[in-house]
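In what follows, a single structure is set out as structure tokens and then discussed.
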Amino acid sequence: MRKRWVGMTGVCLAWALLTTVPIARAASESFAWPEGKRAAVSLAYDDALDSQLDHAIPALDRYGFKGSFYLQLSREPVLKRLPEWRAAAAEGHELGNHTLFHQCQASLPDRGWVEPQRNLDTTTKAQMADQVVLANTMLHAIDGKTRRTLTVPCGDHQARDGDYLPLVRDQFVGIKVGEGGVIPDMDTLDPLAVPVEAPVGLSGAQLIAQVEEAARRGTMINFTFHGVGGDYLTTSSQAHAELLAYLAAHRDVYWVDTFLNVMTYVRSQQDQAAKGGR
């Protein structure tokens, strides 16, 4: 198992019930989403896996949704399928930074899979900062873009000599770190410390339940999948397809976009609020 994140166990409701029960009025009226939407949904995918190219991107494309793909740049599917990643970026999908080598802390429980040379416990924060900045340069060579977001591998950011994130925060519009489901409050959310919901083995109904909770709160849900219909930490193609179909059927309620676009908007709204403009 590559990561310690696991999906939260949502309430398993029947598909028919989830698609017919009205969504309650958003609890928070202070944060305005584009076009009067009630919540934002970020669909992201970690590690640069074959199943993302084979299953996730075609499924997103069928509904016109744009996802965020966080590439671990040392992985074989980046080298062998680089034209496909480049094509995905050209079609509007986001390519995000997931570092070069996916450093995680081997000292934490269930981390026997962490290779010695990729152990964050023995890596300095300066080394990690160099790695993250170089990954941005490599991503620029793939998609030509300069604005970027980061997903921290395993949610770990404590290097041998301290936290490496303060050294790279100014490189990103948004950073995903730590575990969490629906965001409780948008006005107080730090775009450079956004919690992640990483589903594993959940049904479509369970995924949709979390989306509906975001609508009730008027906030957002930040999904970060790994394998879709294959690979590891897998979400089935059926569950993934049910989630996308639900979102497509409720486009008036949910704004589905890349993490980069959502965080750009969140930061602009927070800036306006700080200036008394909202």
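Within region 253-278, being more than 15 Å from residue 92 (Cα to Cα) and in contact (Cβ under 8 Å) with a residue 60 or more places away in the chain holds for 253, 254, 255, 263, 264, 265, 266, 267, 269, 270, 273, 278. Can you tell me which residues in region 169-179 are in contact with a Leu (Cβ under 7 Å, 6 or more places away or on another chain), within 23 Å of residue 105 (Cβ to Cβ) and either in a loop (DSSP other than H, G, I, E, B) or open to solvent by 70 Å² or more (accessible area, probe 1.4 Å) (or both)? Listed by number, the residues that qualify are 169, 172. I'm trying to understand the selection: among the residues of region 143-155, which are in contact (Cβ under 8 Å) with a residue 60 or more places away in the chain and surrounded by fewer than 16 Cβ atoms within 10 Å (Cβ to Cβ)? Of everything in region 143-155, just one residue is in contact (Cβ under 8 Å) with a residue 60 or more places away in the chain and surrounded by fewer than 16 Cβ atoms within 10 Å (Cβ to Cβ), namely 147.
The requirement of being in contact with a Lys or Arg (Cβ under 9 Å, 6 or more places away or on another chain) and part of a helix (DSSP H, G or I) is satisfied by residue 166. For first residues located in region 63-83 and under 21 Å from residue 134 (Cβ atoms), partners that are among the hydroxyl-bearing types (Ser, Thr, Tyr) and surrounded by 19 or more Cβ atoms within 10 Å (Cβ to Cβ) and lie 6+ apart or on another chain with Cβ distances below 6 Å form the pairs 68/258; 69/45; 70/151. Considering 227, 181, the condition of being small (Gly, Ala, Ser) and modelled with pLDDT under 95 is satisfied by 181 alone. If you go through region 239-278 and pick out every residue that is open to solvent by 50 Å² or more (accessible area, probe 1.4 Å), assigned to a loop (DSSP other than H, G, I, E, B) and within 21 Å of residue 68 (Cα to Cα), you end up with 1. Restricting attention to region 198-205, does a residue exist that is open to solvent by 20 Å² or more (accessible area, probe 1.4 Å), on the phi < 0 side of the Ramachandran plot, part of a loop (DSSP other than H, G, I, E, B) and modelled with pLDDT of 95 or more? Yes, region 198-205 contains at least one residue that is open to solvent by 20 Å² or more (accessible area, probe 1.4 Å), on the phi < 0 side of the Ramachandran plot, part of a loop (DSSP other than H, G, I, E, B) and modelled with pLDDT of 95 or more. Of all residues in region 219-238, which are aromatic (Phe, Trp, Tyr) and open to solvent by 10 Å² or more (accessible area, probe 1.4 Å)? 232, the sole residue that qualifies.
Right, residue 126: closer than 30 Å to residue 83 by Cβ and open to solvent by 20 Å² or more (accessible area, probe 1.4 Å) or not?
no
The values are calculated or read from the model by the stated rules, or taken from the named source; none is laboratory data. Being a predicted model, the structure only gives us computed values, none of them experimental. Using ideal geometry, Cβ is built from the backbone for each residue, glycine included, and neighbour counts are taken over all protein chains shown. The protein model used for the area step is the full one, side chains on, heavy atoms only, and it has no ligands, DNA or RNA in it. Shrake-Rupley method; radii C 1.70, N 1.55, O 1.52, S 1.80 Å.
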